Amino acid sequence: MSIITVSRETGSLGDETARLLAENLRYKLLDRAAMEKTIDGEKFPDIPLDRFDEHSPSFWENFTTGKDIYLDRLRTAMLESASSGHIVILGRGSQFILNGVPGVFRVRLIASHDVRVNRLIDILECDQKTADRYCRKSDHDRNGFSRFFFGGHWSDPASYNLTLCTDNLDSQVSAEIIREAYKVSPSGRETGGKVLKNRLTAQIVRNRILYVERIPVDLLEVEADEGHITIRGTVTVRENTARCERAARDVEGVGTVDAEVYFVNPVMTY
């Protein structure tokens, strides 16, 4: 298992660096376009991904189910791709989704504001004022995206193994620095593979309950440990506890299931 996540400030050459890094290592690059293709075959409700994608959601979106659907789609695509290893993942909260997985090398690319603005002037072919506004809005949106979906801070240095300032670096040199740092970093990749497998199995069980069987479960949590599944949540129909257990058993690789799903009488709640 070999996984590198790349987070970036707008104007820090992050996209170009991630592409070159993947090419140099001969790894697959998972960017937004590749991720959307990965989840085309899933039975998720159809929601526009760009509604949430690395944007700062409005206040009212905190009260929509679209958030959970988007996050389940995102996790599924990322965990499936990461499980195959040899991959560079660009953005999309990958540093949070894969947090705690041994062997994942998390990188953040930054640059000073003035350098980023000057780069954007060239890239967007716009004036300085527009580039400045674009840069600040991007930072605001990505910070909001991280807080909204993961409860984390995009700029927190503790979320990364390496933070690289590209003020005086081009994308090729940046990619080479990341590659060399990754080569000498502690591995833990065998253990990481097991953790990823468990997380992917748990996500598949969750997807089956919510989107294939369409069982309404509140506060749903699913954990997997080498074929053993634990499901937690509440239902307002007694039969749905057994349905959750049956749905989990139908997933390939699942052995035993503990369904800690409790019936809550909707008449008695207030």
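The values are calculated or read from the model by the stated rules, or taken from the named source; none is laboratory data. Model, not experiment: these values are computed from the prediction. A quick note on method: Cβ atoms are made from the backbone with ideal geometry, for glycine too, and the neighbour counts reach across all protein chains shown.
Here are a few things to note about the model shown:
- Condition met for Val237 (surrounded by fewer than 15 Cβ atoms within 10 Å (Cβ to Cβ), among the aliphatic types (A, V, I, L, M), outside any helix (DSSP H, G or I) and more than 25 Å from the chain's Cα centre (by Cα)): yes
- Ser146 being within 27 Å of the chain's Cα centre (by Cα), polar (S, T, N, Q) and over 25 Å from Ala181 (Cβ atoms): no
- Among the criteria (1) part of a helix (DSSP H, G or I); (2) in the same structural domain as Glu9 (by TED's automatic domain parsing), the one Leu196 does not fulfil is (2).
- Some residue of segment 112-120 being at pLDDT below 95, part of a loop (DSSP other than H, G, I, E, B) and either under 30 Å from Ile69 (Cα atoms) or over 18 Å from the mean Cα position of the chain (by Cα) (or both): no
- If the condition is being touching a Ser or Thr at 6+ places or on another chain (Cβ under 9 Å) and of a type in the set (A, V, I, L, M), then segment 122-168 contributes Leu124, Leu162, Leu164.
- Failed condition for Gly253, given (1) small (Gly, Ala, Ser); (2) out of contact with any helix residue (DSSP H, G or I) (no Cβ under 7 Å at 6 or more places or on another chain); (3) surrounded by fewer than 19 Cβ atoms within 10 Å (Cβ to Cβ): (2)
- Selection status of Ile215, out of contact with any Leu (no Cβ under 9 Å at 6 or more places or on another chain) and assigned to a loop (DSSP other than H, G, I, E, B): yes
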